[in-house]
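Just so it is clear, none of the values below were taken in a lab; they were calculated from the coordinates. Here the structure is a predicted model, which is why all the values come from computation and not from measurement. Cβ sites come from the backbone with ideal geometry, for glycine too, and all protein chains shown count toward neighbours.
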Amino acid sequence: MRKLENYIKLRNLETAKNYLVPHIFTENYYHILKSKLKGKKLTDNERYYYNHFIKKKLRGIMELMEIDTLVNGREFIRKGRLNKAVILLQKFSRKHKNMKMLVSGSFLYKEKYNDIDVFVISKYEKKDYKEGKVHINYLPADVEKTLFFQSINAISVSNFKSNGKIEEIFDISNILLLYELVILLIIQRDDFLQELRDLIIRLEYVSNKVVLNSMQLKIITDKITKSKNPIQVVNKYLMAKIINAYNAGILRRTLSRFIEKNSFPEKGQKIYENWKIYNQTYKEAIEVVT
C-alpha cells in the first residue's frame with residue numbers, strides 16, 4: 001500500500017470535516033492528520049496515534065472504496081488498457097516500495113505502441129532500465145512542479161495524487177533558442193521529435209495556459225512532422241503563439257536582439273541558411289506586433 005496521505009488533498013479534508021468529526025475521527029485525530037498533510041513534524045504521541053489509529057482508519061476507507069490507484073484522463077484510455085496498467089503499477093510498486101509511480105504514454109491510448117512507460121519519482125539519481133516492453137523512467141523528486149510532469153500525468157494511472165503546481169518560468173529567449181534548434185535539426189535531417197515536443201508544449205502553455213496531455217501533443221507533432229513543409233508550419237505556429245504570450249514591447253526588443261545575433265557571421269563566412277529562416281520569421285512577428 002502506498003503512502004495514504006498521497007491520496008488526500010488538504011482542502012478536501014477541510015471541506016469534509018463535518019462528516020469526519022466526530023463520526024470517523026476525533027477532533028484530535030483530525031488535527032493530527034491535517035498536520036501530517038501540511039508536512040509538519042509530529043510529536044512522538046502524534047506519530048503513535050497516526051500510525052496505530054488514524055492510518056488504519058484511512059486504510060479501511062480506501063479498501064472499502066477500492067481506492068488503490070488514481071486514473072487521470074480516463075476518457076482517453078483504451079478499453080482493456082486500464083486493467084493492464086493497474087497490474088503493472090502493482091507489480092512495480094512491489095519493486096519500488098513507497099515510491100510515487102505512474103503509467104503513462106501511448107500504451108494507454110494508442111492501438112499500437114512500442115514501449116510501456118512507467119515513471120518512478122525518486123530522490124536519488126538512478127539509471128533507467130527496460131524489462132521487456134516496460135521502460136522504467138526515473139524522475140527527480142521535484143518533477144511534479146514541471147510542465148513535463150503535468151503533461152504525462154494528464155493521461156495516466158498512478159499510485160498517488162499529485163498536488164504539484166507548475167513553477168517553471170518560460171522566458172521568450174529560451175523559447176526562441178529551442179525554436180532555432182528545431183529548425184536546424186530539420187535542415188540537417190536529424191531527429192527533431194523530442195525538441196519539437198518540448199517547443200510545442202511550451203508554446204501552448206505560455207500562449208493559452210493549456211497543459212497538453214501526451215495524446216494531444218502527439219496529434220500536433222504528427223501534423224507537423226507529416227506535413228510537406230514542416231519548417232513553414234513551425235514558423236507559423238511559433239509566430240501565432242508568441243504574439244499571444246508576451247508583451248509587445250518585450251517581444252519586439254527580444255526579436256530584434258535575435259535578428260542582430262543572426263546577422264553577423266564569422267569573418268569570411270556567409271550568413272547561414274537557417275539564420276535567414278529565423279530572421280524572416282522574427283521580422284514577420286515584429287510587423288504583427290508593431
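A few notes on this one:
- Cβ-based charge dipole, region 172-289, positive-most Cα from LEU251, VAL289, ASN235: VAL289
- Amide H contacts of SER122 (H built 1.01 Å from N, under 5 Å, at least 5 apart or other chain): LEU139, ALA141
- Distance between the pseudo-spin-label points of GLU167 and LYS40 (7 Å out from Cα toward the beta carbon): 2.1 nm.
- For the chain, a simple Cβ point-charge model (Lys and Arg +1, Asp and Glu -1, everything else neutral) yields a dipole of about 820 debye relative to the Cα centre.
- The share of alpha-carbon pairs in the chain lying farther apart than 36 Å comes to 34%.
- Acute angle (nearest 10 degrees) that the helix 55-64 long axis makes with the longest principal axis of the chain, alpha-carbon atoms: 80 degrees
- Rounded to the nearest 20, the Cβ-based charge dipole of region 172-289 about its Cα centre (Lys and Arg +1, Asp and Glu -1) stands at 200 debye.
- Stretched out straight at 0.36 nm per residue, the stretch from LEU181 to LYS79 would grow longer than its current Cα-Cα span by 32.9 nm.
- Taking the charge dipole of region 172-213 about its Cα centre, with +1 at Lys and Arg Cβ atoms and -1 at Asp and Glu Cβ atoms, the residue from VAL206, VAL182, ILE172 reaching farthest to the positive side is VAL206.
- Degrees separating the helix 230-245 axis from the principal Cα axis of the chain, which is the longest one: 70 degrees
- Label-to-label distance, LYS130 versus ASN229, with points set 7 angstrom from Cα along the beta-carbon direction: 3.8 nm.
- Mean residue ellipticity, 222 nm, helices only, the chain: the sum of -39500 (n - 2.57) across DSSP H runs of n ≥ 4, divided by residue count and rounded to 500, is -16000 deg cm²/dmol.
- Each Cα pair of region 4-64 feeds into the Kirkwood radius, which the Stokes-Einstein equation turns, at 10 °C and 1.306 mPa s, into a diffusion coefficient of 136 µm²/s.
- Distant alpha-carbon pairs in region 170-263 (separation over 24 angstrom), percent: 18 percent
- Between 0 and 90°, nearest 10: helix 273-289 axis offset from the chain longest Cα axis: 80 degrees
- Taking the Cα centre of region 4-64 as reference, the dipole from Cβ charges on Lys and Arg (+1) and Asp and Glu (-1) amounts to some 180 debye.
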